Every structure is written in structure tokens, then in C-alpha cells.
Amino acid sequence: MSNTSPKPQGADADASAQDTLYASRRKLYVRAVSGIFDNWRWALVWITQLIFYGLPWLQWNDRQAVLLHLVERKFYIFGWVFWPQDVIFLALLLIISAYALFFFTAIAGRLWCGYACPQTVYTEIFMWIERKIEGDHVRRQKLDQAPMSGEKAARRGLKFLAWGLVALWTGFTFVAYFSPLEELLQAARTLSFGPWELFWILFYGGFTYLFAGVMREQVCKYMCPYARFQGVMFDPDTLVITYDEGRGEPRGARKKGIDPRSVNKGDCIDCGICVQVCPTGIDIRDGLQYECIGCAACIDACDQVMDRMNYPRGLIRYSTENAIKKHWGAKDILVHVLRPRTLIYGTILALLCAGFVWGLATREPLRVDVIRDRAALAREVEGGMIENVYSLQVMNMSEQARSFHFSVSGLPGVTVDGENLIEIGPAATQSVTLRVLVPYDSGKPGANPIEFEVRADDDPSLSLREETTFLFPR
Amino acid sequence: MLKWIQVLWPSFLIAAVAEAVFFTVIDPQELYLFGEPVDYSRIATYSIGFLGFWLVCAASSLSTIFLQRPAKEINRRT
Ligand code: SF4
Ligand code: SF4
């Protein structure tokens, strides 16, 4: 974070910390908090997880509403069916996500990390389980240091079991996005998963357990690519979790009810609670650090301390570098949300979204590939006609069965011989062989351009033209 | 432990990207293995493909780590 100048933590300090990573990691016993931001985080845990665990159970048109069916190579998402040919939408979606991330980071820092990232969400859930079974941070630390006993083994075992169940359920849900839930349930009933389904359930579940139960903040600190480049999107007007040094210092203990200025102190009573609640184990009073995931736990914690001391809240708060320096109020901060950087990110984001919606709205649920039959070249048939054979691959990307009519144009007297109608089931592909006849004198020797038209019977507006060539013998 | 993470994690990320791009463009049913059409189920091909990508990327990370050893460490060993 070059432009927000984190305090100490030089490059060397960082390198040596990483060298000894995992070996000497100080295990964190994170103290629980409550408060506005904690409520927000829990709200997002609920929303994201209701969606994640719930979506595979949703039905739509008698099928799973959201199914990225890898085996069929089709993605079903509510009313849409996407084929590999639609990869542009996936690419667009990824770009939109990236820009949304830039946009929100520029406005208010690591909102994603603090509230919505799966790493945060599952850590929150796993910590909640841990708290329920092993007690608060003090009791957890005691339990860790205590010699093995019946009670310790029981609590540990229960925790691992509960974590394991959540992890397994998560892995199962994950796989249900790619493999039909119904088949998975069937397999679960008889415990007869396919080897690869089982592998991926355990793989995803195992990593959920490892990341949310064991590694926690280390994932954010050492594995997350976003944490490394987020600084690029920050500027002095970005809202970040800030300790108001001018107001807090000099810190120190004091009796309740005395005016801090009378004892030459700032508002920080140096209780250290902001450090105890921090899931990454840093001290926000040292300034903005790349480890800070912006979870605002320290804001909630410090606000409670301030309430108890009868000081105004907000010693730690969302603020901007400029606001702290120039003593701006909320209004000035809001005014500076609109600035070239956010406007540019915002405009690009809006354009991309518009493009995505437009693309979806105008997407034709029909696709045709024309391949001329190479084995049978131009052939002369009865009645002075030349015949070419084509194979047409028609994809019906809509959700109802449809019949399609073929016609051909481009040369005088050109006709389709025989059956020129096919019926295709919902979201299916079908090949059809068409014989095209042209009077021998209506084209030049060699290739002549012609055009197929495929038209849906039930919806005349749904049609497609596809160019190809018609060969005359030389 | 750190070394393991440095080898396995970036390679995992890149393998995931490679897997997505590769199998979007190529249908596993169109692949040939030693001249024979691949007859595993698609799930198996995707999975093996992913693990294969991961392995290759991990090999690359491993060589990076290997070549990155500081002079001090190499001298100490000899
Ligand atoms: S919680 Fe607030 S008062 Fe307590 S140490 Fe942290 S900043 Fe100071
Ligand atoms: S300093 Fe710690 S508690 Fe405060 S927002 Fe950052 S990560 Fe959360």
C-alpha cells in the first residue's frame, strides 16, 4: 500500500515473518465482538450461505434451477441454458466482478474481505462453532494449554466433528452445482458416489475445513492475491478502518470519569481489546496494514469501550486519509466519494453491465453450423439438376421442443430436396442431412455462394441465416 | 510448510484457470490418448485434466523455488 503509508513492517520484517511462517505462527484466540458491523457481517453470512446452500435445491421448469452441468457441457441458470459457445458471457461476468471489486475497493477498501469473502464467512461460521463448544477466547486458550483429559478430548472431538460435518455439507453442495443434485442424493442414500464426485466432495470439504478451521488469517495474509494488489486501488479518499491517532494519543490507562485532557491523555485507554478481537491479530493503532481485512471488528469493540468510558464513539472508524489529515466531517467524506477514479471505475462497470444485459436479452436461442459433405461432391442428378449434400448441426438453446424449417436461397431455382423440417427437443442439438438441388445452368463452375435459412415454426421471428457455398462441376 | 504452500497454492490457482479455458474450448470427448479416443466419463477427464494441470504448474513452482535458493544456502550445503 504505497500511497497510504503503512507504519512499521518494513520489507525485511515482512520477509523474516514469512520465512518462519506456519512454524512459529502465534495461534490467535480471537475475542468475540458484537455491534453494528458484526451484525452486518452475520447478515451477509446468512444471505450468502442461504444462496450457496439453497440454490441447488431450487427447481425451475422441472429441472435444477442452477446447474453447471459439466457432463452435458451445458450451464442451466434459471431460464437460460448456456453452451460452450456462450463463453463470452462467462468472460464478461468475470470482468464485471473484477471491476466491481475495483469500484468497491476504491470507495471503501476491503468491503469484500470483511463481509462477503467465503474465507471470512466460513471462518466466522467455524469460529462460532468453536465458541459454542470450547467457550470464549480465554477458555479456549486455557483448554489448549491444559493437559489432555476426558473433557478436553470430548470438547475437541465434538468441535472437529461439527466442523467436519459443515465441511462435508459444503463439499457436497459445491459438487451439486456441477453434477445433478438428484443423482447425488440418490448416491448419498446408498453411499455409492462416483469416485470423482466423492473425490471433489472431500477435496472441497477438506479445503473448507483447512482454510476456515485451521489456517484462517494466514489464508488472507499469505495466500490471497487480492490482498497483495488491493493497494493499487486505494487513494487518500478511500474509506478505510482508521484509528484516529490525533484523538487517541497519548494512550494510557486512567480512571473512569476523569477528563482525559486533564491528565494529559488522549481517548485511547490502551485496553487492547481492539487487538484481541482482530481476526488477523494486528494492532490497528499502528496504522493501516496490508493484513487488515477491513472487518471492522475493532470498530465495534472500541465503540463499546468508548460507550463505557462515556467518550464519543468513533476513535476507530471508517475514515479516509484526507479526512483524518484535514479534519473533515462525514459530509466532506461523502463529497469525495465522487472523484475521477470512482467515476471511471463506475462508468466502466455500468457499461459492462449494460453490455451483459443487452447480450442476454438479444441472445438468439438458436445456432446453426453448416458443413458441406466432403465425401459427396457436386453430383449430376435426374432432370438436369446439380446436387450438393450438406450436414446442418442445429442447436435449440431454448427450453421447449421446437420444429425448424429449412429453406435455401442465393441461386436461381435452388431447392431443398425431400424433408426440410426437423424437430429438436429442449436444449438439444441435432444434425440433419440436406440435399440441395440447383438447375445445371444457373451457376458458374466452381463455388457459388448460397444461404440457408432456418426458421422456427412456432416463432417466425426466430430465424437464422448461414452462408455456405454450392459447388458446380467444372 | 511454507515451501509446500508456495509450490502448491499458486499452481492450484493457475491450474484452475488453465482448466477452465482448456475445457471451455475443447470437449473432452474430442481428445485422443495414444491414438485412441478418450473413453473416460467427462467428469473423470475433467478431473484428471485438472490434476494434470496442477502437477505441471506445481513442477514449475518447484523449479522456481529450487533456482531461487540464495547463495548462502547453496554454499552451506557443499
Ligand atoms: S479498543 Fe479503543 S481504547 Fe481500547 S486499546 Fe483499542 S483503540 Fe484504545
Ligand atoms: S484491524 Fe483487525 S479487527 Fe480491525 S478491521 Fe482490520 S482486520 Fe478487522
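The values are calculated or read from the model by the stated rules, or taken from the named source; none is laboratory data. For clarity, every value in this text was computed on a predicted model and none was experimentally measured. Neighbour counts run over all protein chains shown; Cβ positions are idealised from the backbone, glycine included. Protein only, heavy atoms only, side chains kept; ligands, DNA and RNA dropped before computing areas. Shrake-Rupley method; radii C 1.70, N 1.55, O 1.52, S 1.80 Å.
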**Item:** Residues that are among the hydrophobic types (A, V, I, L, M, F, W, C) and either out of contact with any Leu (no Cβ under 6 Å at 6 or more places or on another chain) or not assigned by TED's automatic domain parsing to the domain that holds residue A:431 (or both), drawn from the range A:378-391
**Value:** A:381, A:386, A:389
**Complete:** The condition from (1) within 14 Å of another protein chain (Cβ to nearest Cβ); (2) over 26 Å from residue A:180 (Cβ atoms); (3) basic (Lys, Arg) that residue A:41 misses is numbered (1)
**Asked** Residue check, residue A:181 against (1) more than 14 Å from chain B (Cβ to nearest Cβ); (2) farther than 22 Å from residue A:54 by Cβ, all met but one. Which one?
**Response** (2)
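Is there a residue in the range B:18-30 that is more than 10 Å from every other protein chain (Cβ to nearest Cβ) and closer than 17 Å to residue A:203 by Cα?
Within the range B:18-30, one or more residues are more than 10 Å from every other protein chain (Cβ to nearest Cβ) and closer than 17 Å to residue A:203 by Cα.
Residue by residue, here is whether (1) part of a helix (DSSP H, G or I); (2) over 21 Å from the mean Cα position of the chain (by Cα) holds:
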| site | (1), (2) |
| --- | --- |
| A:341 | yes, yes |
| A:345 | yes, no |
| A:357 | yes, no |
| A:363 | no, yes |
| A:377 | no, yes |
**Item:** Condition met for residue A:354 (of a type in the set (A, V, I, L, M, F, W, C), open to solvent by 40 Å² or more (accessible area, probe 1.4 Å) and in the same structural domain as residue A:79 (by TED's automatic domain parsing))
**Value:** yes
**All positions within the range A:190-210 that are of a type outside the set (A, V, I, L, M, F, W, C) and at pLDDT below 90** = A:190, A:192, A:194, A:195, A:197
**Item:** Hits in the range A:254-271 (condition: open to solvent by less than 20 Å² (accessible area, probe 1.4 Å) and either near ligand 2 (Cβ under 10 Å from one of its atoms) or at pLDDT 85 or above (or both))
**Value:** A:266, A:267, A:268
**Request:** Just give me the residues in the range A:334-351 being loosely packed, with under 13 Cβ neighbours inside 10 Å and among the polar types (S, T, N, Q), in sequence order.
**Result:** A:347
**Asked** Assuming residue A:31 fulfils every condition listed in (1) within 24 Å of residue A:135 (Cα to Cα); (2) not in a loop (DSSP other than H, G, I, E, B) apart from one, which condition is it?
**Response** (2)
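Only residues that are outside any helix (DSSP H, G or I) and surrounded by 19 or more Cβ atoms within 10 Å (Cβ to Cβ): list them for the range A:213-239, please.
Within the range A:213-239, A:216, A:234, A:237, A:238, A:239 qualify.
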**Prompt:** Which one is modelled with the lowest pLDDT, of the residues in the range A:109-130 that are surrounded by 18 or more Cβ atoms within 10 Å (Cβ to Cβ) and among the small types (Gly, Ala, Ser)?
**Reply:** A:109
**Asked** Just for the range B:31-48: of the residues that are within 11 Å of chain A (Cβ to nearest Cβ) and open to solvent by less than 30 Å² (accessible area, probe 1.4 Å), which one is farthest from residue A:200 (Cα to Cα)?
**Response** B:45
**Item:** Residues that are within 10 Å of another protein chain (Cβ to nearest Cβ), within 19 Å of residue A:183 (Cβ to Cβ) and open to solvent by 60 Å² or more (accessible area, probe 1.4 Å), drawn from the range A:72-95
**Value:** A:72
**Message:** Filter the range A:240-250 down to the residues that are assigned to a loop (DSSP other than H, G, I, E, B), touching a Gly at 6+ places or on another chain (Cβ under 6 Å) and within 11 Å of ligand 1 (Cβ to nearest atom) and list them by number.
**Reply:** A:249
**Message:** Could you check the range A:241-253 and list, in sequence order, the residues that are surrounded by fewer than 21 Cβ atoms within 10 Å (Cβ to Cβ) and either at negative phi or under 26 Å from the mean Cα position of the chain (by Cα) (or both)?
**Reply:** A:244, A:245, A:246, A:247, A:248, A:249, A:250, A:251, A:253
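Does residue A:232 qualify as being more than 12 Å from every other protein chain (Cβ to nearest Cβ) and within 16 Å of ligand 1 (Cβ to nearest atom)?
No, not satisfied.
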**Request:** Would you mind finding the one in B:74, B:48, B:65 that is within 18 Å of the chain's Cα centre (by Cα), hydrophobic (A, V, I, L, M, F, W, C) and farther than 22 Å from residue A:72 by Cα?
**Result:** B:65
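From the residues in the range A:257-298 that are in a helix (DSSP H, G or I) and more than 13 Å from ligand 1 (Cβ to nearest atom), which one is farthest from the other protein chains (Cβ to nearest Cβ)?
Selected residue: A:262.
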